[in-house]
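All of the numbers you see were taken from the coordinates with simple rules; none came from a lab. Not measured: the values here are computed from a predicted model. In this analysis, Cβ positions are derived from the backbone assuming ideal geometry, glycine residues included, and neighbour counts consider all displayed protein chains.
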Amino acid sequence: MRPHCTTLIIGLLLIPGVVTAGEVDILDAEITARGDNHYDFKVTLKHADTGWDHYADRWEILSPDGSLIATRTLYHPHVHEQPFTRGLSDVAIPEGISTVTLRAHDKVHGYGGKTLVVELPASAH
């Protein structure tokens, strides 16, 4: 590699957001049973949002077989609020499901960060 190419690559690596904003990680979740297989979710995510072109734009709840149960859309970057927690209320979980997987998505990398498998609390009737 020619010296000027190496300098360019190193320079790009030093620009904030070029490689530092990786995939979104799910760090934690709080789940509350509402009754009749409905739940409230509070999910904590971490992502090095850099602005409107690269931010965590949603998190999802998946069944054990990978089917999408619900989506919480995130409508703006959280550049100065990391990690952050967002909720989704009154989510209907199909009967017989005792665990769900939480995953997140960002505008550049898509899926791929840390997911979290959580056990649902007993549903009050």
Can you pull a Stokes-Einstein diffusion coefficient for segment 21-119 at 10 °C (1.306 mPa s), Rh from Kirkwood over Cα pairs, as a whole number of µm²/s?
117 µm²/s
Fewest to most Cβ atoms within 10 Å: I61, I31 sort as I31, I61
Sorted from fewest to most neighbouring beta carbons within 10 Å, what does the list W59, W52 look like?
W52, W59
Sorted by packing (mean other beta-carbon atoms within 10 Å per residue), highest first, where do 110-118, 98-106 land?
98-106, 110-118
Run down the aspartates and glutamates and flag those whose C-alpha is under 18 Å from the C-alpha of K42, throwing out any fewer than 8 positions away in its chain.
D25, D28, E30, D57, E60, E81, D90, E119
Going fewest to most other Cβ atoms within 10 Å around each Cβ, E81, E23, E60 line up as E81, E23, E60
Phi-based couplings in Hz for segment 65-71 (Karplus 6.51, -1.76, 1.60; Gly and Pro marked x)
8, x, 6, 6, 9, 7, 10
